[in-house]
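**Q** Can you keep this structure in mind? I'll have questions shortly.
Here, each number is a calculation from the coordinates, and none is a lab measurement. No experiment lies behind these values; they were computed from the predicted model shown. So basically every Cβ, Gly included, is an ideal-geometry build from the backbone, and we count neighbours across all protein chains shown.
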Amino acid sequence: MKQAYFITGTDTDVGKTYVACKLIRDYIAQGYKAVGMKPVAAGCEFVNGEWINEDVLKLIQASNVVAPRELVNPYCFNEPIAPHIAAEKTGVKIEIEVIKQAFDALVTMADIVVIEGAGGFLVPINNRQSMADLAVALNIPIILVVGMKLGCINHALLTVEAIKVRQLALHGWIANEIDRKMLALDENMTSLSQRIPQPKLFSLAYSD
């Protein structure tokens with residue numbers, strides 16, 4: 001079995017890393033070799049003598065395939081800002097082909113590759129391309145993490161539309177309760193289920 005998924009979200013901080021790690025662990029529990037990938041990460045801490053992104057570290061810890069850091073995370077920037085701005089500040093150009101080569105290498109090492117995008121689906125990665133262009137280049141099924149909060153219906157449906165326009169496969173969506181005080185949570189999830197043709201894979205309850 002060789003399978004890969006691209007995890008995108010309706011915004012930043014909606015639980016993409018949590019979902020990616022959960023999928024990796026679920027596949028490992030089924031006996032597969034699974035590895036996570038974060039092509040572009042911004043925001044690092046100095047840990048044990050090296051700069052590392054927290055999301056990348058979580059993906060590495062969840063995986064049962066030991067892969068070189070440059071494959072798991074080809075681009076990493078210290079400042080927690082938009083990827084294209086972080087790259088410009090450091091004189092680096094994020095190139096999709098570099099990411100694609102890293103992905104292809106990971107595919108040879110694992111049964112399952114779970115890729116976590118940065119921010120939302122249309123977040124720029126350079127002055128011409130976005131995460132959506134990366135998704136097109138990889139051409140793998142997409143899983144959408146919806147951060148359940150006021151405004152999420154619009155954000156989710158716009159993202160679904162952007163995926164559809166690019167003729168990419170949306171595997172399904174996940175409802176993540178990021179606002180424990182959200183009013184009409186169930187009604188919002190029902191509204192999304194009625195409007196997104198692909199299935200809701202599961203829901204995540206609010207967690208501190």
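**Q** Across segment 18-83, how large is the tail of the calculated P(r) beyond 19 Å, expressed as a percent of all Cα pairs?
**A** Result for the distance tail: 32 percent.
**Q** Let me ask you something else. How big is the antiparallel share of DSSP beta bridges in the chain, given as a percent to the nearest 5?
**A** About 10 percent, rounded to the nearest 5.
**Q** Taking segment 1-125, how many lysine pairs are there with alpha carbons less than 19 Å apart, if each pair must be eight or more places apart or span two chains?
**A** Close lysine pairs found across segment 1-125: 13.
**Q** Moving on to the next point. Quick check: Cα centre of segment 61-101 to Cα centre of segment 32-48, how many Å?
**A** 8 Å
**Q** With each label point set 7 Å from Cα along the Cα-Cβ vector, what nm distance links ARG180 and GLU70?
**A** Calculated label separation equals 4.4 nm.
**Q** Something else now. When the helix-only estimate is applied to the chain (DSSP H runs of n ≥ 4, each -39,500 (n - 2.57), divided by the residue count), what is the mean residue ellipticity at 222 nm, nearest 500 deg cm²/dmol?
**A** Theoretical 222 nm ellipticity from helices: -11500 deg cm²/dmol.
**Q** Still on this structure, please answer the following. Multiply the residue separation of ILE96 and ARG128 by 0.36 nm, subtract the distance between their alpha-carbon atoms, and state the gained length in nm to one decimal.
**A** Extending this stretch completely gives an extra 10.4 nm.
**Q** Right, here's the next one. What lysines sit close enough to LYS181 to cross-link, taking a C-alpha to C-alpha distance under 18 Å and skipping anything fewer than 8 places away on the same chain?
**A** Cross-link targets: LYS149.
**Q** Further, regarding this structure: Ranked highest first by the average count of other Cβ atoms within 10 Å around their residues, in what order do 110-120, 150-160, 89-99, 53-63 fall?
**A** Descending packing order for the listed peptides: 110-120, 53-63, 150-160, 89-99.
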